[in-house]
Each structure stands twice: as C-alpha cells, then as structure tokens.
Amino acid sequence: MSYRGRFAPSPTGPLHFGSLIAAVGSFVRARARAGAWLVRIEDLDPPREVPGATQDILATLAAFGMVSDEPVVYQSQREAAYRQAFAQLRAQDLIFPCWCSRSDLEARNGLHLGACVSAPDSTRAPAWRVRAADREIHFIDFLQGPQSQQLARDVGDFILRRVEGWFAYQLAVVVDDADADISEIVRGCDLLDSTPRQIYLQQLLDLPTPQYLHLPLALDSDGQKLSKAFSARPVDRHDPLPALRAALDFLGLGDAVRGVEPNPQALLASAIAHFDLSQLRKHSAFAAGADCKA
Ligand code: GLU
C-alpha cells in the first residue's frame with residue numbers, strides 16, 4: 001500500500017506555531033516516503049469554530065508551500081459516514097445512551113464505567129458512550145516507541161456522540177482516516193493518549209489500524225503546550241520563512257535546510273531529501289521559534 005498521510009487542523013483560529021510543526025512534520029514525512037499528503041478540516045465543534053479560520057489556515061499552508069494533494073475534506077460534510085459507523089456499533093450493542101451529569105462522573109473519579117448512575121430521562125437528549133474494553137491496547141509509535149493503555153481503567157466508557165447531537169472527535173477521526181486510506185498518522189503528542197481509543201474503535205468497526213508517529217510539542221517558556229488556548233501567536237503567511245525555519249529546526253531538520261535558497265518550497269524540498277527519522281526531535285521542548293512575529 002502506498003503511503004498516505006494527512007494534516008487535520010480544527011478551525012478554531014489561525015494556524016499557530018504548534019500546528020505548523022504538525023503540518024510540516026506530516027508533510028515532510030509523507031513526501032520523504034513518496035506519499036500523498038491530505039488536509040482535512042475538523043469542523044465538528046461549531047461553538048469552538050472561528051469564522052474565516054478554515055480559509056485562513058488553508059491560505060497559510062499554501063504560503064508555506066503545502067497544498068493538499070486531494071480535495072480538502074470537511075468533517076461538517078461527513079455526518080452520513082459517522083452515522084453509519086455509529087449505527088454499526090449500536091447494532092452490536094457496543095454503545096449506550098448516558099444521562100450522567102458532570103457531578104455523577106465526579107463521584108466516580110471522572111471515569112464512566114459500566115452502568116450509568118443516572119436514570120434515563122426522556123425530557124433531554126443523552127450523550128452516547130462506547131463501552132471501554134477491559135484490556136490493554138498496545139501500539140508502537142514510530143517516534144515515541146511502545147505505548148499501551150488499559151481503556152477501562154484509564155479512560156472509561158467514552159463519548160462518541162455528544163448531548164448536542166454532534167459526533168465526537170474520536171469517532172470522526174477513525175472513520176475519516178479509514179475512508180481516506182491513511183497509512184500513517186503524524187500529529188502532535190497531545191493526541192498520543194487518544195490513540196488507544198482510536199485503535200479500539202478501529203477494531204470494533206473492523207477498520208485497519210494505520211501507523212502512528214507523534215511529534216513533540218512546542219512549549220512556551222512556562223513549559224505549557226503552545227495552543228490557541230495559550231494564545232500562541234499565529235504564524236505570518238506573508239513572511240513564512242522565519243516560522244518555517246523555526247519549525248524545521250524544532251523538528252530536528254534544521255541542518256538539512258541550512259544554506260538553502262530562502263523560499264518555502266526549497267526549504268521543504270531539502271528537508272524531504274535529507275529526512276532521517278533518527279534525527280527527529282522526540283521530546284517536547286521550549287520552542288525558540290514560538291515567538292516568530294505575526
Ligand atoms: N483536529 C485535531 C487538532 O487540531 C487534530 C486531530 C488529529 O490529527 O487526529 O488538534
């Protein structure tokens with residue numbers, strides 16, 4: 001099977017440095033494997049979306065030399081596929097409606113396991129959870145090494161459809177990656193602990209499990225993950241070189257692009273030509289480039 005990778009931003013704001021690392025890492029890895037690189041916009045959470053963010057992210061990626069090889073997929077248009085997967089799980093009696101409140105969950109250490117403590121309530125919509133497996137899920141991450149998680153103990157029965165009616169990220173990502181024939185998922189380490197849930201759903205839905213490679217996170221000077229929530233500054237699409245160099249440096253690919261003609265395509269081409277998995281940074285760290293001016 002040929003290599004197919006992807007970058008899946010949520011349109012909650014402009015592309016910031018932390019997301020640029022995931023975009024560049026997934027792009028360079030895909031091209032170094034002579035593979036395709038696809039973009040999926042994860043617009044599944046309307047209250048968190050920022051108008052215009054999708055166009056902004058796509059224009060920024062293009063300015064940095066990265067354009068999806070296939071039409072961009074929008075999760076907001078994929079409800080039928082999620083509905084079908086949901087029905088498949090329901091037919092196997094693997095999911096159940098849950099009316100538990102936050103305080104119900106707090107009384108159980110935040111973990112839902114087994115029967116609901118709350119009674120069914122026909123006056124309001126439930127969330128839908130999948131029963132957590134009482135077993136370890138193992139996988140080997142290409143960069144982070146062997147991983148495992150005991151879903152029942154560590155995560156509990158998790159939500160696949162929210163009270164508001166939206167399908168949850170965990171379900172959507174599994175369905176979308178399978179439909180797009182993604183062979184390897186390269187993304188930030190903040191999603192490392194979601195991966196066992198996704199592998200579990202792949203198993204329940206009889207879908208193939210892709211390879212995984214989780215990139216280190218860029219931390220700010222307080223050791224916090226750089227994210228929109230920490231108001232990391234957006235990268236400047238009108239002056240992509242400083243942020244692109246900083247992202248490549250952060251990933252451990254800085255040497256591959258030293259002295260290269262200063263344009264994004266040339267930097268990426270050199271990073272791809274010299275890509276070496278053993279050179280990739282493994283651990284999250286303070287990112288010197290995180291303050292690239294917007
Ligand atoms: N949409 C997620 C994010 O922006 C990434 C999901 C994924 O790569 O699986 O953090």
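Assorted remarks:
- In the stretch 67-111, of all residues being charged (D, E, K, R) and either modelled with pLDDT of 95 or more or not in a helix (DSSP H, G or I) (or both), the one that is most open to solvent (accessible area, probe 1.4 Å) corresponds to Arg90.
- Residue check for Thr54: within 14 Å of the ligand (Cβ to nearest atom), open to solvent by 10 Å² or more (accessible area, probe 1.4 Å), on the phi < 0 side of the Ramachandran plot and in a helix (DSSP H, G or I): yes
- Scanning the stretch 34-69 for residues that are under 20 Å from Ser2 (Cβ atoms), without any contact (Cβ under 8 Å) to a residue 40 or more places away in the chain and among the charged types (D, E, K, R) yields one hit, Asp69.
- So Ile159, is it loosely packed, with under 14 Cβ neighbours inside 10 Å, out of contact with any Leu (no Cβ under 6 Å at 6 or more places or on another chain) and under 28 Å from Ala8 (Cα atoms): no
Residues are listed down the side, and each one gets a yes or a no for (1) open to solvent by 10 Å² or more (accessible area, probe 1.4 Å); (2) of a type outside the set (Lys, Arg); (3) within 24 Å of Ser76 (Cβ to Cβ):
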{"site": "Leu113", "(1), (2), (3)": "yes, yes, no"}
{"site": "Arg135", "(1), (2), (3)": "yes, no, no"}
{"site": "Pro146", "(1), (2), (3)": "yes, yes, no"}
{"site": "Tyr169", "(1), (2), (3)": "yes, yes, yes"}
{"site": "Val186", "(1), (2), (3)": "no, yes, yes"}
{"site": "Leu191", "(1), (2), (3)": "yes, yes, yes"}
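Rundown of residues vs (1) over 17 Å from the mean Cα position of the chain (by Cα); (2) under 26 Å from Asp179 (Cα atoms), yes/no style:
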position: Leu38; (1), (2): no, yes
position: Pro51; (1), (2): yes, no
position: Gln55; (1), (2): yes, yes
position: Leu61; (1), (2): no, yes
position: Ser68; (1), (2): no, yes
position: Gln75; (1), (2): no, yes
position: Ser101; (1), (2): yes, no
position: Ala107; (1), (2): yes, no
position: Leu111; (1), (2): yes, no
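The values are calculated or read from the model by the stated rules, or taken from the named source; none is laboratory data. Please read these numbers as outputs of a predicted model, since none were measured by experiment. With ideal geometry, Cβ positions are generated from the backbone for all residues, glycine too; neighbour counts draw on all protein chains shown. Calculation scope for accessible area: heavy atoms of the full protein, side chains included, ligands and nucleic acids excluded. Shrake-Rupley method; radii C 1.70, N 1.55, O 1.52, S 1.80 Å.
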